[in-house]
Amino acid sequence: MISTYACHFILLSSSAFLFVILVQHASCDAAVTFEITNLPEYEGPEKIVIRRYSDFVWLRDRLFEKYKGVFIPPLPEKSTVEKFRFSAEFIEMRRQALDVFVNRIASHHELQQSEDLRIFLQADEQSESVEKEKNNMLTHYNGKSKIPGNWYFQEEASRLDANFQGISFTQRNQLKNQTEYEKLKNYIFQLEDHLAEAQKHAYRLVKRHRELGQSLSDFGKAVKLLANCEGNALGKAFTELGAKSEILSIKLQKEAHHLLMNFEEPLKDYVRAVQSIKATIAERANAFRHHYELAEAIKFKEIDMNKLRLTRSEKLGEAEHEYEEVVSIAAAFLVTFWNLHFLADIFVFLMQLKADGAEAARRFDRIVKLMNEEIVRFQEQKTLDMGLAFHEFAKGQARLANGIAEAWRSLLPKLEACSSA
């Protein structure tokens, strides 16, 4: 059976953002269902719309294409392993990750105003596809994902290095002179490494809890069988030992799941978020390169134009002298006109270059401004999320340790009685 999700969107009266709750539903349709309460600027009553994973990808790609400089929330990976795609655990992890994704967009002061978000939240399946097509045509969107998948983010480090090596020495120096940019880039790369390492060990902790839980379950069954061979106090002690082992096995399995959902997955989500930030850093580098290349082109065209002005005035004097005694003043005029026309073409081209350069400079400045705001926002949110994740981890481990200690402690009197008999 393939699962779907229901999402309830509620506008909190005390907040400026959309609050989203995802609730799993079972269905035979591989789709995602959302129950939506409209934002004030949206028209119409509450409605139910159907959304597939590809719709989430469309929304993410559109936002990435339009909002340069903004850290677009990442999506969970699309599992390629068929047997895991529809397991209860995978569905729950997907549900939780999509919940985080939509919440982050809905709570972002710029992204929540997006027309693409409105289509995603409001349009029914038929009108959604029409509006998507119209929207894509207006922005020349070719239907191919600008961020094809999470492999895009995973390759971003090497892509950034290639971009950096592909620019001139002067450009590299100018980039390196931007201290804040370098600090941010180095911080993000280091953060990704540390988060990935922490997530790897969190995965091992989950695996260890599960393996220990399974071992205790197997041990409990074996001890119960052993108890059947014994009688009196020893048999009862073994039976209780087996029961306690099975109870602790269940506790460990539950804690493993809690650890997965509330510790490993948040760490993995932040690894994806950092990879998304790296994609934005790459866009900043591209914007800088474009701005710099236009500035260089303008400088060389101005040099060419000044040379042509000098050449034109010299050739004009030669033409006038050569044809001054003949009826070829018209020819001199044509030479002058040709030079003026050619110069005018260069002047028009130069003006277009300057307009493009000014636009590139504005675009780059806007990306820098947005990224500076976004990194502050990211740091604040990361502090809250990581604090919560590590608090849940410590609390869960303390709860598990206390439960294990209490269970074994309760057995000690009976086992001691047997050993001293």
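The values are calculated or read from the model by the stated rules, or taken from the named source; none is laboratory data. From a predicted model like this one, the values you see are computed outputs, not experimental measurements. Ideal geometry is used to build each Cβ from the backbone, glycine not excepted, and the neighbour counts take in all protein chains shown. Ligands, DNA and RNA are stripped out before the accessible areas are found, and what is left, the full protein with its side chains, is counted by its heavy atoms. Shrake-Rupley method; radii C 1.70, N 1.55, O 1.52, S 1.80 Å.
Within the range 249-272, can you find the residues that are free of Cβ contacts under 8 Å to residues at least 12 places away in the same chain and polar (S, T, N, Q)? Steps first, answer last, please.
Step one: list which residues in the range 249-272 are free of Cβ contacts under 8 Å to residues at least 12 places away in the same chain, which gives 254.
None - no residue of the range 249-272 is free of Cβ contacts under 8 Å to residues at least 12 places away in the same chain and polar (S, T, N, Q), so the list stays empty.
Of all residues in the range 182-199, which are without any contact (Cβ under 8 Å) to a residue 24 or more places away in the chain and open to solvent by less than 80 Å² (accessible area, probe 1.4 Å)?
Residues of the range 182-199 that are without any contact (Cβ under 8 Å) to a residue 24 or more places away in the chain, as a first pass: 182-183, 186-187, 190, 193-194, 197.
Glu182, Asn186, Tyr187, listed by residue number.
Quick one: in the range 376-421, which of the residues that are of a type in the set (A, V, I, L, M) and under 33 Å from the mean Cα position of the chain (by Cα) is nearest to Val271 (Cα to Cα)?
Start the filter on the range 376-421 by keeping residues that are of a type in the set (A, V, I, L, M), which leaves 376, 384, 386, 388-389, 394, 398, 400-401, 404-405, 407, 411-412, 415, 417, 421.
Right, trim to under 33 Å from the mean Cα position of the chain (by Cα) and you get 376, 384, 386, 388-389, 394, 398.
Values: Val376: 18, Leu384: 16, Met386: 12, Leu388: 16, Ala389: 14, Ala394: 21, Ala398: 26 Å.
Per the criteria, the residue is Met386.
Does the range 204-252 hold any residues that are within 30 Å of Val274 (Cα to Cα) and buried (at least 17 other Cβ atoms within 10 Å of the Cβ), and which are they?
Start the filter on the range 204-252 by keeping residues that are within 30 Å of Val274 (Cα to Cα), which leaves 204-210.
Hits for the range 204-252 are Leu205, Val206, His209, Arg210.
What number of residues in the range 64-79 are under 19 Å from Tyr270 (Cβ atoms) and touching a Ser or Thr at 6+ places or on another chain (Cβ under 8 Å)?
5
Condition first: open to solvent by 40 Å² or more (accessible area, probe 1.4 Å) and either closer than 12 Å to His290 by Cα or without any contact (Cβ under 8 Å) to a residue 40 or more places away in the chain (or both). Now tell me which residues in the range 344-357 satisfy that.
Narrowing the range 344-357 to residues open to solvent by 40 Å² or more (accessible area, probe 1.4 Å): 344-345, 347-349, 351-352, 354-356.
Answer for the range 344-357, where residues must be open to solvent by 40 Å² or more (accessible area, probe 1.4 Å) and either closer than 12 Å to His290 by Cα or without any contact (Cβ under 8 Å) to a residue 40 or more places away in the chain (or both): Ala344, Asp345, Val348, Met351, Gln352, Ala355, Asp356.
Name every residue in the range 380-421 that is open to solvent by less than 60 Å² (accessible area, probe 1.4 Å) and of a type in the set (Asp, Glu), in order of residue number.
Those that are open to solvent by less than 60 Å² (accessible area, probe 1.4 Å) and of a type in the set (Asp, Glu): Asp385, Glu392.
Here is a list: Leu234, Leu212, Leu241. Which entry is more than 30 Å from Gln381 (Cα to Cα), part of a helix (DSSP H, G or I), modelled with pLDDT of 95 or more and among the aliphatic types (A, V, I, L, M)?
Leu212
Quick check: anything in the range 283-299 open to solvent by 40 Å² or more (accessible area, probe 1.4 Å), at pLDDT 75 or above, among the polar types (S, T, N, Q) and under 19 Å from the mean Cα position of the chain (by Cα)?
Yes; the residues of the range 283-299 include at least one that is open to solvent by 40 Å² or more (accessible area, probe 1.4 Å), at pLDDT 75 or above, among the polar types (S, T, N, Q) and under 19 Å from the mean Cα position of the chain (by Cα).
Working only within the range 215-231, note down all residues that are outside any helix (DSSP H, G or I) and either small (Gly, Ala, Ser) or touching a His at 6+ places or on another chain (Cβ under 9 Å) (or both).
In the first step, residues of the range 215-231 are kept if they are outside any helix (DSSP H, G or I); the result is 230-231.
Selection gives Gly231 alone.
What pairs come out if I take residues in the range 226-247 that are closer than 16 Å to Leu412 by Cα and without any contact (Cβ under 8 Å) to a residue 60 or more places away in the chain and pair them with residues that are open to solvent by 50 Å² or more (accessible area, probe 1.4 Å) and basic (Lys, Arg) whose C-beta lies under 8 Å away, six or more apart or interchain?
The qualifying pairs are Phe238/Lys224; Thr239/Lys224; Gly242/Lys221; Gly242/Lys224; Ala243/Lys224.
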